[in-house]
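Some notes on the structure that comes next.
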Amino acid sequence: MAEAVIDVADVTKTYRMGEIEVRALRGVSMRVQPGELMAIMGPSGSGKSTLMNILGALDTSSTGSYRLDGEDVSRMDESQLADVRNRKIGFVFQSFNLLPRTSALDNVELPLIYAGISNGRQRCIDALSLVGLGDRVHHKPNELSGGQQQRVAIARALVNRPSIILADEPTGNLDSHSGAEIMRIFQELNEGQGITIIFVTHEQDIAEHTRRIVRLQDGVIVADEAVANPRRAGETEHPLPVVTPPAPVDTAKPAILVETPDTIV
Ligand code: ADP
C-alpha cells in the first residue's frame, strides 16, 4: 500500500478559555491514501472545523501526531506551517473567498505569487480550463455565477499542485444545480487527475458523492465507512472539455477534410 498522504494518530485538541477547557478533539486517528475522495460529517460542535484546521496546517493539535505527505506537521511553528500550507494544501471555502474586482486569472495566480513563482500565467489558464472556465479567465467574481466563482476557487486551490485539497462546505452557498456541478468537478479531478480531496459537509446527499465518509461526534470518530456506490453528479450545461490525444498523422496519404457534426455551427 502507498504511504498515506495524511496520517493522524491519536490527535487531541483542547481550547482553554480562562478557567474553562473545551476538549474539541479527544483522540482522533485517521489515514488517508493518495487519490482518496472523502467527506467528514458530524453535528455542529463535533469537532469538524477543528480537525480541518489541523489537517490544513492552520493550527496544531494539543497532543498526538500528524504527518502530511511524510512530513511531521504536529510540532511545527507558524512559519513552518505557512510554508507547508503553500506547498501541500489547496483550500476551498464555503464563501469562495475570491478577491473582488480582480480577474479569475489573477485570483488563481495568488498562491503562485505567495510561493514566489512569477511565470505561472499558463499554469493558471490550464487550471481554469480544467474546471471548465478557459473562456472566463478575465471575468471578475461579480461577473460570474456562484458555481463559476467556486470553480475559480477550485482552480486557485489546484494551481500549486497540492498534495491534498481541503474543502469546507464547498456547496453550502450554492443552489442544488450548482452544487451538483461542483461535485462533478471534484469527482472528475479526483478520478482524472488522482487528486486527493477531503471535504466537510453536513449534507448526506453531497457526502454520498465520495467513496468514504468519516463521522465525528463529541470530538471522536464514531464511523468510518466506505461508500459502496458513490452518487454521480448529473450532467450539466457546461461539460468540461474532453481532451483527446491528437490522432497520428499519416503523411503518406493526402489529408482529407471530414466534416463532423462539431464543425457545423
Ligand atoms: P464543528 O465544526 O463540528 O461545528 P468545531 O470544531 O467548530 O465543531 O468545535 C468543536 C468544539 O470546540 C465546540 O464545542 C466549540 O465550541 C469549541 N471550539 C471551537 N473553536 C474554539 C476556539 N477557538 N476556542 C474555544 N472553543 C472552541
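What to note about this one:
- Residue list for the range 64-80, filter: away from the ligand (no atom under 16 Å from the Cβ) and not acidic (Asp, Glu): SER65, ARG67, LEU68, GLY70, VAL73, SER74, ARG75, MET76, SER79, GLN80
- Residue satisfying condition, being of a type in the set (A, V, I, L, M, F, W, C), in contact (Cβ under 8 Å) with a residue 40 or more places away in the chain and assigned to a loop (DSSP other than H, G, I, E, B), within set LEU98, LEU51: LEU98
- Subset of the range 102-116 [in contact with a helix residue (DSSP H, G or I) (Cβ under 8 Å, 6 or more places away or on another chain) and part of a loop (DSSP other than H, G, I, E, B)]: THR102, ALA115
- Total residues in the range 121-138 satisfying the condition of being among the charged types (D, E, K, R) and over 20 Å from the mean Cα position of the chain (by Cα): the figure is 3.
- On the stretch given as the range 16-48, residues that are assigned to a strand (DSSP E or B) and either over 22 Å from GLU225 (Cβ atoms) or free of Cβ contacts under 8 Å to residues at least 40 places away in the same chain (or both) total 8.
- Meets criteria (closer than 25 Å to GLN187 by Cα and within 14 Å of the ligand (Cβ to nearest atom)) for PRO43: yes
- Counted residues, the range 15-39 - those being more than 9 Å from the ligand (Cβ to nearest atom) and not acidic (Asp, Glu): 14
- Extreme residue, nearest to ASN53 (Cα to Cα), among residues of the range 165-178 that are surrounded by fewer than 23 Cβ atoms within 10 Å (Cβ to Cβ) and within 16 Å of the ligand (Cβ to nearest atom): ASP168
- One residue alone among LEU51, LEU81, LEU98 is surrounded by 15 or more Cβ atoms within 10 Å (Cβ to Cβ), in contact with a strand residue (DSSP E or B) (Cβ under 7 Å, 6 or more places away or on another chain) and either within 30 Å of ASP205 (Cα to Cα) or not charged (D, E, K, R) (or both), and that residue is LEU51.
Residue by residue, here is whether (1) surrounded by fewer than 15 Cβ atoms within 10 Å (Cβ to Cβ); (2) touching a strand residue (DSSP E or B) at 6+ places or on another chain (Cβ under 7 Å); (3) aromatic (Phe, Trp, Tyr) holds:
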residue: ALA9; (1), (2), (3): no, yes, no
residue: ILE20; (1), (2), (3): yes, no, no
residue: PRO34; (1), (2), (3): no, yes, no
residue: ILE40; (1), (2), (3): no, yes, no
residue: LEU58; (1), (2), (3): no, no, no
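- Answer from SER118, SER44 - the residue that is over 19 Å from the mean Cα position of the chain (by Cα) and either under 27 Å from GLU208 (Cβ atoms) or aromatic (Phe, Trp, Tyr) (or both): SER44
- Subset of the range 142-157 [touching a residue at least 12 places away in the same chain (Cβ under 8 Å), over 17 Å from ASN190 (Cβ atoms) and in a helix (DSSP H, G or I)]: ASN142, GLY146, GLY147, GLN148, GLN149, VAL152, ARG156
- The range 163-180 residues that are within 19 Å of ILE195 (Cα to Cα), paired with ones that are small (Gly, Ala, Ser) and outside any loop (DSSP other than H, G, I, E, B) (beta carbon under 7 Å, 6 or more apart): ILE165/GLY90; ILE165/ALA157; THR171/GLY179
- Scanning the range 179-210 for residues that are buried (at least 18 other Cβ atoms within 10 Å of the Cβ) and either at pLDDT below 90 or assigned to a loop (DSSP other than H, G, I, E, B) (or both) turns up ILE195, THR201, HIS209, THR210.
- Test result for ARG136, without any contact (Cβ under 8 Å) to a residue 40 or more places away in the chain, within 21 Å of GLY179 (Cα to Cα) and assigned to a loop (DSSP other than H, G, I, E, B): yes
The values are calculated or read from the model by the stated rules, or taken from the named source; none is laboratory data. Since this is a predicted model, take the numbers as computed values, not measurements. With ideal geometry, Cβ positions are generated from the backbone for all residues, glycine too; neighbour counts draw on all protein chains shown.
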